[in-house]
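Before I ask anything, here is the structure I am working with.
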Amino acid sequence: MERIGVIGGGLMGSGIAEVVARAGLDTIVIEVSDEAAKVAEERIHGSLERALTRGKIDEAELAAVTGRITVATDLEALADRDLVVEAASEREDVKLELFRRVGAILEKDEAILASNTSSIPIVKLGAVAGRADRVMGVHFFNPAPVMQLVELIPSLTTSPETLGRMQAFVSEKLGKQPIEATDRAGFVVNSLLVPYLLSAIRMYEAGYASAADIDKGMVLGCGHPMGPLALSDLIGLDTIRAIGVSMYEEFKEPLYSPPPLLDRMVDAGLLGKKSGHGFYAY
Ligand code: CAA
Ligand code: NAD
């Protein structure tokens, strides 16, 4: 797989595009508008500049990686891709429409259409794509250029060959560490992480402690790299709410249900780091 498409150039799509282009692969990122495309380009460039400043890449590599990435707004640009990773907003209606359209656009029979979804059933995306055996979940972690893990999620209809090709791609081409999970909302990591983050939000809402002290507790008491409220801000509060809703719909367990404060913050546009304000100001 040499020609890669990424749908969505937000937090995850821009990071995935960087990872793929740094692995030497031709990369097209699709965004919804020229304005969103410009933001995505700036985000990717900013991350590469940071890698340059930290001495991880040199000027020549920065130019080469940038040259391998094209940001566009027309899904038809994905026609010749070998692999497309969808990383659009965590909304089932948006993803179903994308899988329906892109499934029909891909020209190569063997092309794989993957989703970076955190919680939406992969089998549903396969059912509308017209190539259910070549659709699966490929779940990167935030920030994608830093985090080593990728969860691979075959659905009931994914072929063993598709899973095998993605295992090889993720470990050999991208140099990441895959684990395999079943097609259940949350997979492995979010099934454990999201109830923890929602508990921290409930704790803050109930006035147990300040945001800074809740976070300090988990950083200094448990050795986590960041506390749960700072991590929620990093992930995006709209994304956490959407994941919680999907997990609650799937299992009907109260621990997955987003607390009212999270709903109110998202409704107010307080989405965390990406909007400049969440539990903290950025
Ligand atoms: N893009 C690229 N590189 C980045 C980056 C970004 N957005 N953010 C940090 N980095 C790099 C830095 O360049 C630095 O690299 P070097 O040490 O090699 O120079 C390294 O990461 C550490 O960065 P900093 O020193 O600036 O900051 P830090 O030490 O506080 O680390 C962090 C930042 C990597 C985000 C760290 O706090 C961390 O690991 N936090 C936890 C993140 C986490 O749990 N992610 C999973 C979220 S859940 C998810 O993704 C699934 C889902 O579906 C919601
Ligand atoms: P984000 O809000 O930062 O970015 C989403 C991007 O998708 C936006 O830039 C938006 O313009 C674009 N988009 C929306 N509809 C589109 C369409 N029809 N075509 C093309 N682009 C479209 O969200 P994110 O955090 O990057 O999350 C993207 C996906 O990755 C979600 O499925 C999310 O669950 C998953 N994910 C998120 C994280 C995280 O920590 N944020 C981690 C792992 C996986």
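The values are calculated or read from the model by the stated rules, or taken from the named source; none is laboratory data. The model shown is predicted, which means the values in this text are computed figures rather than measured ones. Using ideal geometry, Cβ is built from the backbone for each residue, glycine included, and neighbour counts are taken over all protein chains shown. These area figures cover heavy atoms from the full protein model, side chains too; ligands, DNA and RNA do not enter into them. Shrake-Rupley method; radii C 1.70, N 1.55, O 1.52, S 1.80 Å.
Any chance you could count how many residues in segment 196-218 are without any contact (Cβ under 8 Å) to a residue 24 or more places away in the chain and of a type in the set (D, E, K, R)?
3
Further question: Looking at segment 219-242, I want the residues that are under 16 Å from Ser89 (Cα atoms) and among the basic types (Lys, Arg) and have a partner that is open to solvent by less than 50 Å² (accessible area, probe 1.4 Å) and not in a loop (DSSP other than H, G, I, E, B) with Cβ atoms under 8 Å, at least 6 apart or on another chain. Which pairs are those?
Arg241/Leu262; Arg241/Asp263; Arg241/Val266
Which one is nearest to ligand 1 (Cβ to nearest atom), of the residues in segment 139-157 that are part of a loop (DSSP other than H, G, I, E, B) and under 21 Å from Gly103 (Cβ atoms)?
Ser155
Inspect segment 85-102 for any residue being among the small types (Gly, Ala, Ser), out of contact with any Gly (no Cβ under 9 Å at 6 or more places or on another chain) and open to solvent by less than 20 Å² (accessible area, probe 1.4 Å) and give the result as yes or no.
No, segment 85-102 contains no residue that is among the small types (Gly, Ala, Ser), out of contact with any Gly (no Cβ under 9 Å at 6 or more places or on another chain) and open to solvent by less than 20 Å² (accessible area, probe 1.4 Å).
For Glu151, work out the one condition from (1) crowded, with 16+ Cβ neighbours inside 10 Å; (2) touching a residue at least 60 places away in the same chain (Cβ under 8 Å); (3) closer than 30 Å to Leu262 by Cβ; (4) charged (D, E, K, R) it doesn't fulfil.
Of the numbered conditions (1) crowded, with 16+ Cβ neighbours inside 10 Å; (2) touching a residue at least 60 places away in the same chain (Cβ under 8 Å); (3) closer than 30 Å to Leu262 by Cβ; (4) charged (D, E, K, R), the odd one out for Glu151 is (2).
Here are Glu2, Glu61, Glu18: which of them is closer than 23 Å to Val170 by Cα, modelled with pLDDT of 95 or more, open to solvent by less than 20 Å² (accessible area, probe 1.4 Å) and of a type in the set (Asp, Glu)?
The unique qualifying residue is Glu18.
Within the group Pro259, Pro254, which residue is open to solvent by less than 50 Å² (accessible area, probe 1.4 Å), touching a helix residue (DSSP H, G or I) at 6+ places or on another chain (Cβ under 9 Å) and in the same structural domain as Ala212 (by TED's automatic domain parsing)?
Result: Pro259 is the single residue among Pro259, Pro254 that is open to solvent by less than 50 Å² (accessible area, probe 1.4 Å), touching a helix residue (DSSP H, G or I) at 6+ places or on another chain (Cβ under 9 Å) and in the same structural domain as Ala212 (by TED's automatic domain parsing).
Another one. For Leu234, only one of the following conditions fails: (1) over 30 Å from Leu83 (Cβ atoms); (2) within 22 Å of the chain's Cα centre (by Cα); (3) open to solvent by less than 50 Å² (accessible area, probe 1.4 Å). What is its number?
Unmet for Leu234, out of (1) over 30 Å from Leu83 (Cβ atoms); (2) within 22 Å of the chain's Cα centre (by Cα); (3) open to solvent by less than 50 Å² (accessible area, probe 1.4 Å): (1).
State the number of residues belonging to segment 104-133 that are outside any loop (DSSP other than H, G, I, E, B), more than 14 Å from ligand 2 (Cβ to nearest atom) and closer than 21 Å to Val29 by Cβ.
3
Filter segment 115-138 down to residues that are open to solvent by 10 Å² or more (accessible area, probe 1.4 Å) and either within 16 Å of ligand 1 (Cβ to nearest atom) or modelled with pLDDT under 95 (or both), then give me how many there are.
3
Being part of a strand (DSSP E or B) and within 9 Å of ligand 2 (Cβ to nearest atom) is the filter here; which residues of segment 1-28 pass it?
Ile7
With respect to Ala51, determine if the residue is under 30 Å from Arg131 (Cβ atoms), assigned to a helix (DSSP H, G or I) and open to solvent by less than 60 Å² (accessible area, probe 1.4 Å).
Judged against the criteria, Ala51 is not a match.
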